[in-house]
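The next block holds one structure in the form of structure tokens; read it before the comments.
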Amino acid sequence: MSTAPLDILALAAHRDDVEQTCGGTLLKMAQRGYRTGILDLTQGEMGTRGSAADRAREATDAAKILGTSWRGSLDIPDGRVENTWDNRLKVVRVLREHRPRVVILPYWKGRHPDHYTASILGYEACFLAGLAKLNPDATANDDSLHTLPTGRPQDTGATGTPHRPFKIVYATLYYDVRPTFIVDITEQFEARFEALMAYKTQFSDQEAGKGIFHARDEIRSRIESMARFYGMIGGVIYAEPFLQKEVGLVDDLTLIPFKSI
């Protein structure tokens, strides 16, 4: 595992969430020379198809296709992502070790409780990671261990050095909300789809779960339709949607991208 800082870290509840919501963007950033990473909060043990071990192998294959510099997973139970103190500290340790400048989170509303809980959990962990006196290796039941002693050096280890990401953006593909901006993934679309199809136990045509999952050809059609829809909004062929909470800052009106009329 490399400890060089990441430029961008995408956090999601399940293996394959990132591939579906912002995989093209991660690949595009990696192609531009940025160090990208993925943190999956769970290991996929509740999936209808396949096992957690299957999902781990598939996630590794998908990460290679997306050109990520690092991918890791936590042990939060699949189907029971909860915004607890212990879970926030687990994410804090990753943030402090890999020190991303940008974090991509799921949108904070959605059908799946794991998805919207992961959003709030990720945001609060980003805040906590910047607290100088927070000791993420503390136990939840020992208040005396929650802060580092006064005067103790703060750079004694990767997880002990405070770090707060500069930017948080939200991948909105799982929820019907107008995005703040879109990313053109026209050149990355095929590889993005290939990364999703790396999850063979999930998306290959098979008997198990056929009443829940669409056939592969239908998945391709749906993925392409959504990417084309957001591409149309931005004047490109394929795109992924994102939202930021804060107002954007513009220095030069003549350089704002995308034609108005």
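The values are calculated or read from the model by the stated rules, or taken from the named source; none is laboratory data. Note that the structure is predicted; figures quoted are calculated from it, not measured. All Cβ positions, glycine included, derive from the backbone under ideal geometry; neighbour counts span all protein chains shown. Only protein heavy atoms, including side chains, enter the accessible area calculation; ligands, DNA and RNA are left aside. Shrake-Rupley method; radii C 1.70, N 1.55, O 1.52, S 1.80 Å.
Of the residues Leu39, Leu6, the single one that is open to solvent by less than 10 Å² (accessible area, probe 1.4 Å), touching a strand residue (DSSP E or B) at 6+ places or on another chain (Cβ under 8 Å), assigned to a loop (DSSP other than H, G, I, E, B) and not β-branched (Val, Ile, Thr) is Leu6.
Does segment 23-30 contain any residue that is open to solvent by 20 Å² or more (accessible area, probe 1.4 Å), modelled with pLDDT of 95 or more and closer than 12 Å to Ala10 by Cβ? Break it down stepwise before answering.
First, the residues of segment 23-30 that are open to solvent by 20 Å² or more (accessible area, probe 1.4 Å): 28-30.
Next cut, modelled with pLDDT of 95 or more only: 28-30.
Okay, now just the ones that are also closer than 12 Å to Ala10 by Cβ, so 29-30.
Within segment 23-30, one or more residues are open to solvent by 20 Å² or more (accessible area, probe 1.4 Å), modelled with pLDDT of 95 or more and closer than 12 Å to Ala10 by Cβ.
Going through segment 42-73 one residue at a time, which ones are closer than 18 Å to Leu6 by Cα, without any contact (Cβ under 8 Å) to a residue 40 or more places away in the chain and not in a helix (DSSP H, G or I)? Across segment 42-73, the qualifying residue is only Arg71.
Filter segment 231-261 for residues that are part of a loop (DSSP other than H, G, I, E, B) and β-branched (Val, Ile, Thr); which is farthest from Leu27 (Cα to Cα)? Step by step, filter segment 231-261, then rank; the result is Ile261. Checked across segment 181-195, the condition of being assigned to a loop (DSSP other than H, G, I, E, B) and at pLDDT 95 or above holds for at least one residue.
Considering only segment 80-103, how many residues are in a loop (DSSP other than H, G, I, E, B) and under 17 Å from the mean Cα position of the chain (by Cα)? Full working, then the answer.
Restricting attention to segment 80-103, the residues satisfying the condition of being in a loop (DSSP other than H, G, I, E, B) are 80-84, 99-101.
If we keep only those that are under 17 Å from the mean Cα position of the chain (by Cα) as well, we get 81-83, 99-101.
Here the count works out to 6.
Residues in segment 147-172 that are open to solvent by less than 80 Å² (accessible area, probe 1.4 Å) and modelled with pLDDT of 95 or more: Pro162, His163, Pro165, Lys167, Ile168, Val169, Tyr170, Ala171, Thr172. Just name the residue that is nearest to the chain's Cα centre (by Cα) out of those in segment 42-62 that are of a type in the set (A, V, I, L, M, F, W, C) and open to solvent by 10 Å² or more (accessible area, probe 1.4 Å). Once the filter is applied, the top-ranked residue is Ala56.
Can you tell me which residue in segment 31-75 is modelled with the lowest pLDDT, limited to those that are β-branched (Val, Ile, Thr) and closer than 19 Å to Asp114 by Cβ?
Thr48
Inside segment 104-138, residues that are open to solvent by 70 Å² or more (accessible area, probe 1.4 Å), part of a loop (DSSP other than H, G, I, E, B) and under 25 Å from Ser69 (Cβ atoms) make up a count of 1.
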